[in-house]
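One structure below.
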Amino acid sequence: MPAACEAVLEDIEDIVSAQDLKPHERHSVRRNVFPKVRKRSSHKDVQADDDPPSDSIIPGAQKIWIRTWGCSHNNSDGEYMAGQLAAYGYKITENSAEADLWLLNSCTVKNPAEDHFRNSIKKAQEGNKKVVLAGCVPQAQPRQDYLKGLSIIGVQQIDRVVEVVEETIKGHSVRLLGQKKDNGKRLGGARLDLPKIRKNPLIEIISINTGCLNACTYCKTKHARGELASYPIEELVDRAKQSFQEGVCEIWLTSEDTGAYGRDIGTDLPTLLWKLVEAVPEGAMLRLGMTNPPYILEHLEEMAKILNHPRVYAFLHIPVQSASDSVLMDMKREYCVADFKQVVDFLKEKVPGITIATDIICGFPGETDEDFQETMKLVEQYRFPSLFINQFYPRPGTPAAKMHQVPAAVKKQRTKDLSQLFHSYNPYDHKVGERQRVLVTEESFDSNYYVAHNRFYEQVLVPKDPLLMGKMVEVNIYEAGKHFMKGQPESDARVYTASITRPLAKGEVSGLTEEFRLAPQNGSHWKGRPSAESPGETPCTSRMALQLLSPQEGLKILAISLAFLAVLVTFYYGRM
């Protein structure tokens with residue numbers, strides 16, 4: 001590799017200039033470029049495949065494997081990156097072995113998730129795969145040793161994934177980690193109308209904001225996602241409407257803390273939800289994401305009304321983390337156990353049957369046996385049907401990592417004790433014999449059933465009848481397990497179809513705007529790059545911006561320049 005290509009480029013602005021074409025200009029100038037059609041060989045021993053060779057360095061001709069870890073927000077980011085790459089012409093594959101490049105979208109919440117991420121990087125390198133890293137791990141700590149020399153795209157820059165992939169395929173290491181701003185104010189992130197490939201064509205995940213207002217001492221995600229930045233209501237409603245027009249029948253609202261939505265832009269979560277509910281057609285459902293207790297306390301009345309709406313799941317994820325006020329104080333959770341109980345008790349009264357999911361951390365630094373017993377009592381009291389139990393892992397760079405740690409054996413035992421308590425009760429036994437209306441959206445892991453959810457977002461397994469997929473139907477509950485119920489569709493039940501149109505096929509690109517429709521498929525280079533003055537991004541003024549050219553392109557430009565210079569010299573001496 002030439003020496004010029006060995007240097008790590010800290011940002012894509014290192015290889016652009018202000019005179020380069022903008023993305024929409026790139027596409028428009030290529031509308032009249034038509035690919036040549038190669039004649040197929042008549043010889044049977046010659047491969048008759050028109051696809052470029054896998055080792056081609058023509059951007060857009062390679063196969064890409066995408067792996068995402070973590071929360072719904074991260075999954076949504078992964079879907080957006082897949083959509084943009086497919087819209088440009090890259091082939092998204094589910095076979096990691098055949099891929100030319102691995103796009104690894106990481107999660108930094110717990111050590112095991114980062115360990116999987118690190119191991120995947122090593123495996124990719126051993127397989128001589130090109131690698132692009134995304135998600136919260138490289139965003140929070142881009143200078144870790146095992147990330148050196150690898151391309152990174154930041155969580156707010158996923159709309160530029162095509163450029164990062166393109167440069168990585170050409171052998172460059174690029175890093176794009178800046179924040180998007182408008183007049184100095186931090187924005188929520190990439191546009192919501194970008195192309196995406198939904199993992200499930202029936203479910204749209206919408207990130208309503210990024211970042212949060214808290215400073216929890218154990219949280220590494222804050223280092224990556226930053227302070228709260230909310231999307232405008234009109235943009236979120238437009239995205240929901242577009243999703244329903246593409247056959248979606250269920251929307252998940254997600255963020256690091258949905259309850260804090262709008263506090264940075266002069267609005268609030270209930271205002272957003274009432275606008276979104278108006279866009280949800282009959283037979284479709286809206287699911288709210290995680291909210292911390294402090295930010296929902298002031299909206300309890302309105303939230304109860306919204307959760308009682310027939311097109312909103314009566315479900316809310318409210319992490320408590322611990323039932324000890326002293327532990328919550330050390331966590332800097334900004335609420336006490338009484339606040340959590342107030343929220344849960346109020347919603348259980350006003351929204352009969354509501355499902356409350358919660359999280360608990362076992363073995364946080366300083367947690368005593370008495371503290372842990374308070375948590376056990378809380379679980380025994382409320383018998384949460386959905387409980388996420390996490391053994392504490394100190395994340396590097398967080399205040400909690402510097403605190404006095406609970407012995408590993410104690411943490412492990414507390415996690416085991418709480419898990420045993422959780423599995424000691426069956427939350428759905430009393431529902432056997434009920435008639436429930438459920439929305440069918442996916443296939444079970446064992447492929448034996450379709451998965452549906454009832455009004456309370458409780459999982460109901462139904463027979464694998466293709467006519468049920470994407471439909472809302474009434475079933476009779478005939479069996480209950482710890483995490484599910486089984487239902488048989490009633491013969492006289494009405495089937496509701498929410499889809500305005502046929503759902504997209506699995507792997508089909510959603511939301512192709514005119515800008516992306518003009519992009520050629522499996523074509524040649526993007527000759528231009530976005531300038532450093534792209535809206536909402538900080539110009540790179542400390543370094544001269546350069547465009548990297550291939551040797552052939554460089555020689556061509558040099559020849560043209562010399563010819564032009566010769567004309568000027570001839571003209572000058574001809575006038576003397």
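Annotations
- Highest-first packing order for the peptide set 357-365, 470-478 is 357-365, 470-478, based on the mean count of other beta carbon atoms within 10 Å.
- Length gained on full extension, residue 123 to residue 183: 17.4 nm, using 0.36 nm per residue less the C-alpha separation.
- One chain, two ends: residue 345 and residue 494. Fully extended at 0.36 nm per residue, the span grows by 50.2 nm beyond their Cα-Cα distance.
- The heavy atoms of residue 69 offer some 20 square angstrom of accessible surface to a 1.4 angstrom probe.
- Summing charges over all other residues whose Cβ lies under 14 Å from the Cβ of residue 405, with Lys and Arg as +1 and Asp and Glu as -1, gives +3.
- Computed from label points 7 Å out along Cα-Cβ, the spacing between residue 479 and residue 444 is 0.7 nm.
- Unit charges on C-beta of K, R, D, E only; dipole of the range 131-275, Debye: 420 debye
- Under 18 Å from the residue 144 label point (7 Å along Cα→beta-carbon), backbone N, the range 226-244: 226
- Cα centroid of the range 385-414 to Cα centroid of the range 256-332, whole Å: 26 Å
- Here the simple spin-label model places points 7 Å from the Cα toward Cβ, and for residue 67 and residue 435 these points are separated by 4.9 nm.
The values are calculated or read from the model by the stated rules, or taken from the named source; none is laboratory data. Please read all numbers here as calculations on a predicted model, not as lab measurements. Don't worry about glycine lacking a Cβ; one is built from the backbone with ideal geometry, like all the others, and counts go over all protein chains shown. With ligands, DNA and RNA removed, areas are computed over all heavy atoms of the protein, side chains included. Shrake-Rupley method; radii C 1.70, N 1.55, O 1.52, S 1.80 Å.
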